[in-house]
Amino acid sequence: MATPNRVKRSTILSPPIDLIKKSPSRGHLPKRTHRATIETFEACEFEVNVHVRMHDLRRKLMEETGERGESRSRGIKRDVVEKTSGSESVVKWTVEHTKTCNLFLRLSLDEEASSETEINIIVESEEPENFSLPQSPTRRHVAVHVMNGSIVLRPLPYGQTKMVFHAQVSVSNKHVKPQDLIKKVGSAIYDIFKQEDVIDERMKEEFVNVVIPNAPPKTESESLMIKKAIAQIKELSKAKRIAGTVNDSVEKFLWRPSDGAAWGMTYSKIDVAAPKLMAEILVLDTYAKMRSSKGARQLWRNLDGSRSMQCSLTVKLPGAFQERLIELWVTWDVFVDEQGRETYITANAPMEEYDGETRYELEGREKMVVGESRGFDIIRPLSDNTCEWTRVQQADLKISGLPKSFFNMIARHELNFTNAVTEKFRRNEDVVDRERLNALAEKMRKSRGKDLDGDHQALLERCMETFTEENQNDGWAKMESMHRDIRVWMRYFPPKAGVRSVVTGKATAVLDCSAEEAAAWVFDYCSNERMRTSLQWRNPARVRVRQLEDERGNEAIFATVKKHPYPLDDREVIAKFLWRSEEGKVWLPFESVKKNVECDYGIRMRKVRAFTRGLWLMENLPDLGGARQCRVTLVQLLDGGGLIPTWVVNLSTKNAVFKPVRDLLSKFRQDSMVDSAIQKEESASMQERWQLEEYSEEEEKMINIMYEKFERKARAGNLLKSNKWKVLSSPDAFVKIESINEEGSSAAIGKAVTTVDASIFDCAVWEMDKNSRRTYKSDAAEGLTLERHLLRLNSHCALSHYVLDVGRALRKREWLTKQCWQMRDKDTLIVAYWDVDDERFPAGKNNCVRATSATLWKYEKLPKVDDIPQTKVTYWQQIDLKGRIPFFVMNTKIVWSLSFLSTMRNHFDQSTNVDATRRTKIKQMESDLLAALV
């Protein structure tokens, strides 16, 4: 074995400045008379690494005063008082030391001695009397003189510059030592141009972009160490979870073998790309890590031309313990594992296991106790900017006679590094979830048609027993759903041995996403969003059970403990999920694991193991208006176990299948896009067929009656002074609302008028689409609409049923009207609503009072404004709530009812586009006018 190289211990707790005070040479001392004092010159020198590129540093020193704090640092002010050329200038340095000292230095570029790899600057003192500068009225400045000075700049890696200053320095005040003054100047230069974070990032970028792609092949010893690290995973299955980390972003485990120090293991998902995380782990000599280290730290790369590194660091212990020295041999690799997953791995072991020739020793090694540390990191990408990280570390400081808890404390302390890295790279949780979902969905698309392994295929077949084609519709009893877009069924299947007689639930819905995206959301059971929701519901645990070996990319085991009210114990479900992708569909079966499979939560819980088996099926549908569509079906059997009666379990099955589908539905809602696509299609269809529409005699009659009624009332109100339209206060300044009393009726007629930035067909379709998602969402927000049904009778007529909650003390009101549209001429479209009776909606059902109403919408085409269609919309309505509600109370609700027109105007509002076009035209007119004047 070769003799180790001895190196000095280094640290970066203070700026890296080496100051050398040189004694005056023998013989005559250089002297200078100034202000009746004799000054002695001393040779002083400092060396500092500046975080600026060489040519930029030369320019900043000679030409620039400094910006954004670059002129002041550590009581030093820097000013350029004279600049004769780009290669010569006079710089004033004001140093707040024990006294206020002034340095007037003439910096001259020595072009003959300079080159591309080195810049030489000549430094000489200047007399302050040569410059007209304001003097301090209260403080006397100490003069500093420099002779035979020079500054040498040499480039360093990562955009740094090595600056060496050497000169003969004299100070006119005996209380100020030249070497201390020069040291402060060097420290100030480091602080002025300090960019430690920038240099750290450049070091990591070089590792990612240069070191990893161009690394030499692994040596035999490096390959052997990585194999040992991977083999160590099997032993770590015995590790116990540290209490309190089950729902944390960093899961922590501890394992203490019968001989040796404790092993610590962490698992976390990091919001950064896998190569960047590897750089964060392996680039051990960054300024941040050196600054955070409480002892010395030294790193040597490319030992014997390999990818191995040596890292030596010291650990200071409290009390009378000797300082510990840790010497690590570090290596790494990037490969694709048997499951086709890209894997980044780092491994470290004691340096004594390194079989190469080159090794280094820190100075004073014989005075320290050499400890041991070993471990490894496994990183697998989840997406382009996220990854999962398993870190295993063991530290043995060679301390005997202390309790086991002390060594466990050391192991826990080693795990805190994972927390620091997780917090450093943490990003918006919703953005990260979306990135992981997209990556997993893309992986499913690329895996279409791949066969499953034997045990996976058996699981899929067991879960498909209740989902065969002949069983999809037969025997399923439809249940009332709490969401209009979700259908729920229940069915009883004869139980098998060991399974209780409980019903199976099924729920289905259409989602605004692809089948792969829906399956990826279900499979990502412990996403940030769902973990946050679980904590909000105070569920004790929601965790992925790690399979440290033989884990396949399309499977996962999840454990969850659901909180139940007293006196019931919490319910635990541990189930295996897997996915299989085909062309146009994705299967996602799941089933509870065997009872001998346990999950370590770190604490003891009162819980009962529940059983579940089910299947998700996602099938792609044609896109709708640019929004992807898929049909999702969930079939699930759930037995809560314990002493809960079967009939109670059956009642909970409905919610068990309804809630996951509801959450999935709300996650991917694209209501505006889907509504817009449907309405555009209907609007285009109306424009094409309006001349071909055929109306029955009853439809023609009722349309004419409604049209004549409101048009006649409008003309009469404008002519008769005794019964004119009364202007009401409108919530929208662009919507005019009026009312008028009708002879022979106590119910007033309301009218609203406005101009909408859309065509007559777009306006009519938007108002008539009572089944739109916008309408459903608005009804849910107001909480007044209890039911709403729209039954199409033909291409121009539909039956509309509407139930409204009008107050606590009043019975619910319902309306059953027929809506019909018609073109009166090529520029006018009307939509009429009148009361009808229909056996499909019997009056008085569910204790409702059948109210009456008459409504007319009139859409008149106006000239376009800047190519934007314009429509004058007039909305008439007359409502009778029936019952014993006074008419003056009903009439006060006219404004609330007619304000729906304001919603239409705001939906189509294009004021921003109109104003922008008009401003562009005005600017063009100004330009043309100026051009004409010139």
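The values are calculated or read from the model by the stated rules, or taken from the named source; none is laboratory data. Computed from a prediction, not measured in an experiment: that's the story for all the values here. Cβ coordinates were reconstructed from backbone atoms using ideal geometry, including for glycine residues, and neighbour counts include every protein chain displayed. To get the accessible areas, we keep the full protein, side chains included, count just its heavy atoms, and leave off ligands, DNA and RNA. Shrake-Rupley method; radii C 1.70, N 1.55, O 1.52, S 1.80 Å.
Figures for the structure shown
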read-out: Of the trypsin sites (Lys or Arg not before Pro) in the range 825-934, those whose Cβ has at most 16 other Cβ within 10 Å and which sit in DSSP loop; value: Lys826, Arg840, Lys882, Arg884, Lys893
read-out: Filtered trypsin sites (Lys or Arg not before Pro), the range 584-617: DSSP coil and at most 12 other beta carbons within 10 Å; value: Lys594, Lys595, Arg604, Arg606
read-out: More than 57 Å apart - percent of Cα-Cα pairs taken over the chain; value: 42 percent
read-out: Sorted peptide list for 906-913, 387-394, criterion being average Cβ within 10 angstrom, highest first; value: 387-394, 906-913
read-out: Residue-normalised accessible area of the range 757-889, given per residue in Å² at a 1.4 Å probe; value: 47 Å²
read-out: Residue among Cys526, Met278, Ser514 farthest towards the positive dipole end of the chain, charges placed on Cβ; value: Cys526
read-out: Mean-position separation - Cα centroids, the range 641-708 and the range 551-621, in angstrom; value: 33 Å
read-out: Antiparallel bridges, percent of DSSP beta bridges restricted to the chain (to nearest 5); value: 95 percent
read-out: Size of electric dipole in the range 573-711: Cβ of Lys, Arg +1 and of Asp, Glu -1, about Cα centre, debye, nearest 20; value: 2020 debye
read-out: Chymotrypsin sites (Phe, Trp or Tyr not before Pro) within the range 577-648, DSSP loop, no more than 11 other Cβ atoms inside 10 Å; value: none
read-out: Heavy-atom accessible surface of the chain: percent carbon and sulfur, 1.4 Å; value: 50 percent
read-out: Shape parameters for the range 714-825, alpha-carbon atoms, Rg then Dmax in Å; value: 17.1, 47
read-out: Linear extension gain, Val934 paired with Thr775, 0.36 nm per residue minus alpha-carbon span; value: 51.4 nm
read-out: Antiparallel DSSP beta bridges within the range 310-410, as percent of all bridges there, nearest 5; value: 90 percent
read-out: Solvent-accessible surface (1.4 angstrom probe) belonging to Phe335, in square angstrom, nearest 10; value: 60 Å²
read-out: Percentage relative contact order, the range 800-934, counting C-alpha pairs under 8 Å, at least six apart; value: 16 percent
read-out: Reachable lysines, given that their alpha-carbon falls under 26 Å from the alpha-carbon of Lys812 and they are not under 8 places away in the same chain; value: Lys751, Lys770, Lys777, Lys845, Lys882, Lys893
read-out: Surface per residue (accessible, 1.4 Å probe) for the range 655-698, Å²; value: 60 Å²
read-out: Pairs from Lys607/Lys659; Lys204/Lys276; Lys701/Lys861 whose Cα-Cα separation, in the structure shown, is over 19 Å; value: Lys607/Lys659; Lys701/Lys861
read-out: With Cα atoms, 0 to 90° folded angle of helix 671-689 axis to the chain main axis; value: 40 degrees
read-out: Whichever aspartates and glutamates have a C-alpha closer than 20 Å to that of Lys316, once near sequence neighbours (fewer than 8 apart) are set aside; value: Asp285, Glu327, Glu361, Glu363, Glu366, Glu372, Asp396, Glu414
read-out: Set of aspartates and glutamates near Lys183 by C-alpha distance (under 17 Å), chain-local residues within fewer than 8 positions excluded; value: Asp18, Glu42, Glu45, Glu47, Glu96, Asp191
read-out: Paramagnetic reach from Lys99 in the range 141-169 [backbone N under 15 Å; point 7 Å along Cα→Cβ]; value: 141-146
read-out: Phi to ³J(HN,Hα) by Karplus 6.51 cos²θ - 1.76 cosθ + 1.60 over the range 572-582, Hz, x for Gly, Pro; value: 10, 10, 10, 10, 9, 10, 8, 10, 9, 9, 10
read-out: Distance from the range 150-201 to the range 740-754 (C-alpha centre basis), Å; value: 88 Å
read-out: Whole-Hz ³J(HN,Hα) from phi, Karplus 6.51 cos²θ - 1.76 cosθ + 1.60, for the range 521-526, glycine and proline x; value: 5, 5, 6, 7, 5, 10
read-out: Under 13 Å, Cβ to Cβ, from Lys252 - net charge with Lys/Arg +1 and Asp/Glu -1; value: +1
read-out: Part-to-part distance (alpha-carbon centres) for the range 858-897 and the range 335-401, which is given in Å; value: 75 Å
read-out: Per-residue [θ]222 nm for the chain (sum of -39500 (n - 2.57) over DSSP H runs n ≥ 4, rounded to 500); value: -8500 deg cm²/dmol
read-out: Principal-axis tilt of helix 178-192 within the chain, Cα atoms, nearest 10 degrees; value: 20 degrees
